[in-house]
Amino acid sequence: MISGVSERTVTASDGSGVVVVTPHGELDLGAIASLDSALRSALAAAGSPPRLIIDLSDVDLLAPVVLGVLLDVRRRCQGAGGRMSLVVTDPEINDTLVDTGVEPLFEMAPGIQDAMERLSVD
């Protein structure tokens, strides 16, 4: 089950805010409701157009069933004219994204700073 989700706003090089959401622990079936709620809240706080980073570096397990939540927030973000990036540092998390075929749908970065730079480029 999800151990928790933290959220913070950081300032990009262009002076705008980017919301960073960091889930902790296992993202499995039991975590879906908490993760969905946290991501909806973060997207609402991200401004317009929203820029959102989901930092998966402290995630121990990413169950494929959770990918629907990530795809939904991606769709909402893009629908509002914004962008979203996933920070993926664990090879097993990356393998889950690749094996399920969703990896090409996400902007991915190896760290927060890289994700910030990618989101700052138009």
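Where the only charges are on Cβ atoms (+1 Lys, Arg; -1 Asp, Glu), what is the dipole of the stretch 73-119 about its Cα centre, to the nearest 20 debye?
Details: 5 positive and 8 negative charges, 94 e Å.
The calculation lands at about 460 debye.
Only one of the listed values, (i) 73, 27, 21; (ii) 35, 24, 23; (iii) 66, 31, 24, was derived from the coordinates as Cα extents along the principal axes in Å; which label is it?
After the calculation, the listed value that fits is (ii).
What 222 nm value per residue comes from the helices of the chain, counting each DSSP H run with n ≥ 4 as -39,500 (n - 2.57) and dividing by all residues, nearest 500 deg cm²/dmol? Each step should come with its number before you reach the end.
On the way: 4 runs with 45 residues, N = 122.
Mean residue ellipticity, 222 nm, calculated: -11000 deg cm²/dmol.
Helix hunt in the chain: which complete DSSP H runs extend at least 15 Å axially by C-alpha with mean Kyte-Doolittle at least 0.5?
Values: long enough: 32-45 (19 Å, 1.04); 67-79 (18 Å, 0.08).
The qualifying helices are 32-45.
Most mobile of 111, 17, 79 per a Gaussian network model of the chain (Cα springs, under 10 Å)?
Per the Cα network of the chain with a 10 Å cutoff, 79 tops the list.
Nearest 20 debye, what's the magnitude of the dipole of the stretch 1-102 about its Cα centre given +1 on Lys and Arg Cβ and -1 on Asp and Glu Cβ?
Details: 7 positive and 13 negative charges, 137 e Å.
Charge dipole, the stretch 1-102, about its Cα centre: 660 debye, nearest 20.
Can you tell me what share of the DSSP beta bridges in the chain is antiparallel? A percent to the nearest 5 is fine. Please report the intermediate quantities before stating the final value.
Working: 9 of 23 bridges.
For the chain, the DSSP antiparallel bridge percentage is about 40.
To the nearest 0.05, how large is the calculated FRET efficiency for residue 24 and residue 114 if R₀ is 22 Å and r is the Cβ-Cβ distance?
Values: r = 21 Å, r/R0 = 0.94.
After rounding, the FRET efficiency stands at 0.60.
Which residues among the stretch 35-75 fall inside the zone where the amide N is under 18 Å from a point 7 Å beyond the Cα of residue 8, along Cα→Cβ?
So the set is 39, 42-43, 45-46, 51-59.
Read-outs throughout are calculated quantities, based only on the coordinates presented, and are distinct from any laboratory measurement. Everything quoted here is computed from the prediction, not taken from an experiment. Note that each Cβ is placed from the backbone with ideal geometry, even for glycine, and that neighbours are counted across all protein chains shown.
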